[in-house]
């Protein structure tokens, strides 16, 4: 089943503003892990706004679960490069925020708060944050804050998780730890993911399919299936096949920057 469908989608900022993306057509199957890479300014983050309904397309149609996207979508979880945790709320209170907001849960929040807290504690334990439930964001490291941010994006069991450069500000070691965390969460209880990233190693390690976008206005130039077997351990990043895939994607982006694409 195709969960996300882009049908000849273009978007311009303002009536006479620059075109951000142009004639994008793509599909993302249910439980597929997709990564989108490309040079800065190619419109990767614009794709995220369009899928989540935070911005309307100028042309074309976007479908989520077979239904047109006409406004903000509640069955979507989002995590960004900045964790955006609320500083006055504890870790557990932060990750439960969607349960207070999402229509499906908010009317039940007071009556079932203990149950939701139990689910939140279980999710925090799965990502290595057991014991951090009552800590505030300023008491957590950057990597711990991102773990909490991804928990918040997943707590209401969305059909689609959108990740916009979620590990870009972390050191290399912490970044790889979080790759493995996302991999494990996805393998244990599959969900659909669209990851926007500049990190080609990250894209190849995590994704089933990688799309390469042109420089702005963004167009999809390459669709690359990743044929590495699952489950993937970090050791795969030192194999010849992994290096070949990364080099192929880097070559595409290099050509784009040189204006050859």
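Residues that are crowded, with 20+ Cβ neighbours inside 10 Å and either without any contact (Cβ under 8 Å) to a residue 60 or more places away in the chain or on the phi > 0 side of the Ramachandran plot (or both) within segment 74-108 comprise 91, 92, 94, 96, 98, 99, listed in sequence order.
Being over 29 Å from residue 50 (Cβ atoms) and in contact with a helix residue (DSSP H, G or I) (Cβ under 7 Å, 6 or more places away or on another chain) is the filter here, so list the residues in segment 60-113 that pass it. If the condition is that a residue be over 29 Å from residue 50 (Cβ atoms) and in contact with a helix residue (DSSP H, G or I) (Cβ under 7 Å, 6 or more places away or on another chain), then 87, 91, 92, 109 are the ones that fit. In segment 191-214, the qualifying residues are those that are in a loop (DSSP other than H, G, I, E, B) and within 14 Å of the chain's Cα centre (by Cα), and the one that is surrounded by the fewest Cβ atoms within 10 Å (Cβ to Cβ) is 198. The set of residues from segment 215-261 being farther than 30 Å from residue 18 by Cα, surrounded by 11 or more Cβ atoms within 10 Å (Cβ to Cβ) and in contact with a helix residue (DSSP H, G or I) (Cβ under 8 Å, 6 or more places away or on another chain) comprises 226, 228, 230, 232, 234, 236, 237, 242, 245, 246.
Every residue, every condition in (1) modelled with pLDDT of 95 or more; (2) under 21 Å from residue 193 (Cα atoms); (3) not assigned by TED's automatic domain parsing to the domain that holds residue 52, yes or no:
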{"position": "80", "(1), (2), (3)": "no, yes, yes"}
{"position": "93", "(1), (2), (3)": "yes, no, yes"}
{"position": "106", "(1), (2), (3)": "no, no, yes"}
{"position": "112", "(1), (2), (3)": "no, no, yes"}
{"position": "122", "(1), (2), (3)": "yes, no, yes"}
{"position": "135", "(1), (2), (3)": "yes, no, yes"}
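Applying the set (1) assigned by TED's automatic domain parsing to the domain that holds residue 58; (2) touching a helix residue (DSSP H, G or I) at 6+ places or on another chain (Cβ under 9 Å); (3) part of a helix (DSSP H, G or I); (4) surrounded by fewer than 21 Cβ atoms within 10 Å (Cβ to Cβ) to residue 169 leaves exactly one unmet item: (3). State whether one or more residues within segment 244-253 are in a loop (DSSP other than H, G, I, E, B) and farther than 23 Å from residue 10 by Cβ. Taking every residue of segment 244-253 in turn, none turns out to be in a loop (DSSP other than H, G, I, E, B) and farther than 23 Å from residue 10 by Cβ.
The values are calculated or read from the model by the stated rules, or taken from the named source; none is laboratory data. Remember, predicted model here, so these are calculated numbers, not experimental data. For neighbour counting, all protein chains shown are included, and Cβ atoms are generated from backbone atoms with ideal geometry for every residue, glycine included.
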